[in-house]
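Heads up, the thing below is written out as structure tokens.
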Amino acid sequence: MADLLLKVDHLNKDFLAGNGLFSGRFGAKVSAVKDVSFEIARGETLGLVGESGSGKSTTGRCIIRLINPTSGTILMNGQDVARLRGRALKHFRKEVQIVFQDPQASLNPRMTIGEIVCEPLIIHRIGTRGEQIAAAKELLETVGLNPEHINRYPHEFSGGQRQRIGIARALALRPKLIICDEPVSALDVSIQAQVLNLLKNLQDDFGLTYLFIAHDLGVVQHISDRVAVMYLGVIVEIGSVQALYGNPQHPYSRSLLSAIPVPDPKEQKSRHRQLLPGDPPSPIDPPSGCRFRTRCPKVQAICAAQVPELQEVAPGHFCACLLAKPYGL
Amino acid sequence: MSASHDAPLLEVRDLKMYFHTQDGVVKAVDGVSYTLEAGETLGVVGESGSGKSVTVMTIMGLTPMPPGKIHGGDVRFKGQSMLEMTNKQLRDLRGNHIAMIFQDPLSSLNPVQRVGKQVGEGLVLHKGYRKKQAFHRAVELLDMVGIPNAAQRARDYPHQFSGGMRQRAMIAMALACDPEILIADEPTTALDVTIQAQILELMQEMQRLHGTAIIMITHDLGVVADMADYIMVMYAGKPVEYGTTDQIFYNPLHPYTWGLMRSIPKRTLDDDQPLTPIMGNPPSLIDLPEGCAFAPRCPYVAERCSREDPAMVAVEGIHASACFFSDSLDFLQNAPIYDGQRAEEAAAEGAGGRAEEAAAEGAGGHDG
């Protein structure tokens, strides 16, 4: 891939289930992220979709090292950041920032928005106090807020405005990569569109790269260049937006796409919804072989025995299904 | 219940519900009207704070009063005013004739009671079942809404259920007494899409089987496109547009409805156009602007809009809009999908069944 920014290779994250005295040694493990590999090119947006519990947020948080991966490598600019510590980790965090889902919970209610936006600059000792305040004002203006409101507190702003503050904070250090973890899920439709447009404009202006995590397939389609679909900790399909939405190969992606109600009554009523039975299984005890097989409409005997790996089904389009036809065969 | 037979199943007329708070009067519901007949689905669409939930809470008599106070209007169930009912009469109605499903199934189920007991509770209260009979029936209901191994799961507590299963249990509970009206307040918002699809399918099937009327409150235009026969769009406590689903989607009249439609990402694959959001934020319901509440955010605002408050006016058949310019064809050229052909198609197809009157008027309406 031309000009690679981030390469995630066989990333695994296990959590320990339960918090008993011996659970650390004997307890069950939840494998939240299992053998996840993908790449993001500079200036690109990779959408990461999946249902709750699919491991998409855990993946994002491993990359920014809010949680430490159990194994695997995360190469950013050729450097493995999965094992960074101390000063090197702090330096790395200048390159990668995150925008959270809930703007109410991710802004300190006792800090003014100026302090919130300045904080990254203070932590990394960039500029004098005056320069920091000037930078904060400029950032607020960049995200469409009035810089005169710099001394106000988060509760004085609406949900959409708070999300803009979160974005301004993420931009403060001029990062290369921003992880957007469900940044518009908590917002009303009309406000959601404002924030999506802002994210797109900022990407053009600052040359940003996004990992865009969301469960709303329409939003992901709008903002992404490529999309990865996760199910129960594994990536089941990854490809360009056109390939994934136009020609989904994995049975899970297909039913996911058929399940979104389309805002067009005629089209919606003529569509065939492919209903998946039941709920996703518990990640404490995932099914053997293909993790999707317990709900898959096309399941076969082989699916229980063999773990499917991502294989190329078309140029740049990968699918982890034993029944998918590999490209070129 | 004694009721006249020609009265609609549910009729809400000019309902006004204000909250009197320290900061001032919040006009949470300000003049909402609709009627609902058996087997119909009404979709209520709007953003947070538009009053869509408070409307149905008021209908159910579940708003706290004070601070709430009804400032006018009426709610009639089969011709009988619900606002004049005693608490006992209301209790007899709720859960029995009108049932409700809430957005968050975890906080609306009792955590210390077995699911089966809660599902059967209405039967004990309203239908004179013994506890054992009710539990037995609850197992059947849980089985009907697709809970696997229902006899055993009925003995579980709500925390042992997944989100989708809790919502199914809520639906089983709501349907226990075979209600005539089911009010669903964002029933799938907290659920994943594949689970949402299961729940919507289930509600449609239950409607087919029992002829239940449904009021579906949601902010998701996809969900109403799927479920609703009629749609009401609300903004700042007031309805701004009402019509059949086809009218709202293919021939929307109100600039706020247009804004909502333009805000959702399009599903075409080569779409690189930026979205057209609605500028600004929804107003505070305490000090609403003079005139049309949407005027400060409306891209087509005229001088008149900030002086006078537009009333809901029927433009063609039942299709009504609260905008001064909804009857101007020039103005309607601004609509996102002003698509005459699509509207005519919809009108032609609707010629049978429920949409008949709408279709007849639709044919005479917009030929320009």
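The table below gives the values:
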{"item": "Out of A:P263, A:P308, sole residue that is assigned to a loop (DSSP other than H, G, I, E, B) and either within 12 Å of chain B (Cβ to nearest Cβ) or surrounded by fewer than 19 Cβ atoms within 10 Å (Cβ to Cβ) (or both)", "result": "A:P263"}
{"item": "The listed residue being under 21 Å from A:L310 (Cα atoms), over 11 Å from the mean Cα position of the chain (by Cα) and surrounded by 21 or more Cβ atoms within 10 Å (Cβ to Cβ), out of A:G72, A:G47, A:G53", "result": "A:G53"}
{"item": "Some residue of the stretch B:236-248 being among the charged types (D, E, K, R), touching a residue at least 24 places away in the same chain (Cβ under 8 Å) and in contact with a Ser or Thr (Cβ under 6 Å, 6 or more places away or on another chain)", "result": "yes"}
{"item": "A:L196 vs. criteria at the interface with chain B (Cβ under 7 Å from one of its Cβ atoms), open to solvent by less than 10 Å² (accessible area, probe 1.4 Å) and touching a His at 6+ places or on another chain (Cβ under 7 Å)", "result": "yes"}
{"item": "The stretch A:92-109, residues that are surrounded by fewer than 16 Cβ atoms within 10 Å (Cβ to Cβ) and either in contact with a strand residue (DSSP E or B) (Cβ under 9 Å, 6 or more places away or on another chain) or modelled with pLDDT of 90 or more (or both)", "result": "A:N108, A:P109"}
{"item": "Which numbered condition A:G246 fails, given (1) out of contact with any Cys (no Cβ under 6 Å at 6 or more places or on another chain); (2) over 19 Å from A:L46 (Cβ atoms)", "result": "(2)"}
{"item": "Given (1) under 17 Å from B:P187 (Cβ atoms); (2) at pLDDT below 90, index of the condition B:N96 fails", "result": "(1)"}
{"item": "Members of the stretch B:56-88 found to be under 16 Å from B:H20 (Cα atoms) and either within 14 Å of another protein chain (Cβ to nearest Cβ) or among the β-branched types (V, I, T) (or both), listed by number", "result": "B:T58, B:T63, B:I70"}
{"item": "Residues satisfying the stated conditions in the stretch B:96-119, i.e. under 26 Å from the mean Cα position of the chain (by Cα) and in a helix (DSSP H, G or I)", "result": "B:Q118, B:V119"}
{"item": "Residues satisfying the stated conditions in the stretch A:220-244, i.e. touching a Phe, Trp or Tyr at 6+ places or on another chain (Cβ under 8 Å) and within 11 Å of another protein chain (Cβ to nearest Cβ)", "result": "A:V220, A:Q221, A:I223, A:S224, A:Y231"}
{"item": "Count of residues meeting criterion [in a strand (DSSP E or B) and surrounded by 20 or more Cβ atoms within 10 Å (Cβ to Cβ)] in the stretch B:32-67", "result": "7"}
{"item": "Residue that is modelled with the highest pLDDT [pool: residues in the stretch B:110-167 that are open to solvent by 80 Å² or more (accessible area, probe 1.4 Å) and among the hydrophobic types (A, V, I, L, M, F, W, C)]", "result": "B:V112"}
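The values are calculated or read from the model by the stated rules, or taken from the named source; none is laboratory data. What you see is a predicted model, and the numbers here were worked out from it, not measured in a lab. Cβ: placed from backbone, ideal geometry, glycine included. Neighbour counts: every protein chain shown. Protein only, heavy atoms only, side chains kept; ligands, DNA and RNA dropped before computing areas. Shrake-Rupley method; radii C 1.70, N 1.55, O 1.52, S 1.80 Å.
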